[in-house]
Amino acid sequence: MASLRSLFLRSQHLRPSASSHLTTAASAVVVPARPSAKFSTSRPSTSSATTTTTTTSPQKRQPPLVPQPTPFIPDVETFLTVIGRGLKQHVSKFPTWESLFSLSSQQMRDLGVEPPRTRKYLLRWRQRFRLGLYGIGGDLQHVRDGAAELRVLEIERAAANAAANETAAAAVVSLPKKMRFVVNVPPGTRVEDVVGTPAAAEHMSRVRGYKVEGLKTIVGPYAIPLKGQAGAKVTVTEGMWEDKLGRKIDGGERRRTEVRYKKRIQERRQEREKAMSQK
């Protein structure tokens, strides 16, 4: 009996336990480690070429062009006088010729040049003067105290050699023998004393806007005939370059029908009252 018990204990000692089998199996099996997912709140960085932006400094505004005064328009007062529209009253706001052509519209507004259409009108005439687009008399070269004298220059028409063409010869014969032009000369100077001399080109200049009618009559805007002499005189006059504004007739286009209708009613009423008073 004792031998059987010892044999049984020996067999339990030699048999491996279940826990040992599990431990052995667990040690034998290698479980691969799961990769740990790393989350990042930052955006993925993208490789891009570095762009460099060069900032250029703003170009300086060019100062406005200041034209030179002309013999007919020598100062600010004369300029504002000839363009009209009451701008002569603003002479004190432009102390110099440069200020007249350099002030902006906002600066004129601050000085009190009102209303806005008056400033626009002045700016428009400033630009015309810069471009040499003068009004009548703007090309006069010989002026004294705001007045210029105009004379008639007569030039003999050159005789054409029309021997080879009888038609051309007949046309030349029908033309007047003399050509007449209006020229501006220094005050008190006669054309006869200047023609044919070296100083002719200096003392005589052609004038636009005037013509000769008849023999020696000069016609044109603001041309006043000289007493006892063949010629005319042009003087600086207020508004001689003015762009005239249109005027409304019977309330303008929008109210013309209404205004004329009311006028007809008024006329009929007056006719009825007149007829009733005569009875």
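The values are calculated or read from the model by the stated rules, or taken from the named source; none is laboratory data. These numbers come from a predicted model, not from an experiment. Glycine also receives a Cβ, built like all others from the backbone with ideal geometry; neighbour counts cover every protein chain displayed.
Could you grab me the full set of residues in the range 183-215 that are in a loop (DSSP other than H, G, I, E, B) and touching a helix residue (DSSP H, G or I) at 6+ places or on another chain (Cβ under 9 Å)? Passing the criteria: Pro186, Thr189, Thr197, Met204.
In the condition set (1) modelled with pLDDT of 85 or more; (2) buried (at least 16 other Cβ atoms within 10 Å of the Cβ), Val194 is compliant with all but (1).
In the condition set (1) part of a helix (DSSP H, G or I); (2) touching a residue at least 12 places away in the same chain (Cβ under 8 Å); (3) within 23 Å of Arg144 (Cα to Cα), Thr237 is compliant with all but (1). Scanning the range 190-219 for residues that are within 16 Å of Leu140 (Cβ to Cβ), touching a strand residue (DSSP E or B) at 6+ places or on another chain (Cβ under 7 Å) and not β-branched (Val, Ile, Thr) gives His203, Met204, Ser205, Arg206, Tyr210, Lys211.
Among all positions in the range 244-265, there is no residue which is of a type in the set (D, E, K, R), within 28 Å of Val82 (Cα to Cα) and in contact with a Ser or Thr (Cβ under 6 Å, 6 or more places away or on another chain).
Within the range 248-270, residues that are surrounded by 11 or more Cβ atoms within 10 Å (Cβ to Cβ) reach partners that are acidic (Asp, Glu) and assigned to a helix (DSSP H, G or I) with beta carbons closer than 8 Å, at six or more positions or on different chains, in the pairs Gly251/Glu258.
Hey, among the residues in the range 220-242 that are farther than 18 Å from Val191 by Cβ and in contact with a strand residue (DSSP E or B) (Cβ under 6 Å, 6 or more places away or on another chain), which one's surrounded by the fewest Cβ atoms within 10 Å (Cβ to Cβ)? This residue is Ile224.
Might you let me know whether the range 161-170 holds any residue that is exposed (fewer than 15 other Cβ atoms within 10 Å of the Cβ), modelled with pLDDT under 95, in contact with a helix residue (DSSP H, G or I) (Cβ under 8 Å, 6 or more places away or on another chain) and not assigned by TED's automatic domain parsing to the domain that holds Val82? Within the range 161-170, one or more residues are exposed (fewer than 15 other Cβ atoms within 10 Å of the Cβ), modelled with pLDDT under 95, in contact with a helix residue (DSSP H, G or I) (Cβ under 8 Å, 6 or more places away or on another chain) and not assigned by TED's automatic domain parsing to the domain that holds Val82. Just one of the listed residues (Glu258, Glu253) is at pLDDT below 95 and more than 30 Å from Arg128 (Cβ to Cβ), namely Glu258. Going by the structure shown, is Val182 closer than 30 Å to Lys88 by Cα, at pLDDT 85 or above, among the β-branched types (Val, Ile, Thr) and touching a Phe, Trp or Tyr at 6+ places or on another chain (Cβ under 9 Å)? In short, no. Number of residues in the range 204-217 that are under 36 Å from the mean Cα position of the chain (by Cα) and either buried (at least 18 other Cβ atoms within 10 Å of the Cβ) or within 12 Å of Arg151 (Cα to Cα) (or both): the value is 6.
When you check Leu153 against the structure, is it modelled with pLDDT of 95 or more and surrounded by 12 or more Cβ atoms within 10 Å (Cβ to Cβ), yes or no? So Leu153 fails the test.
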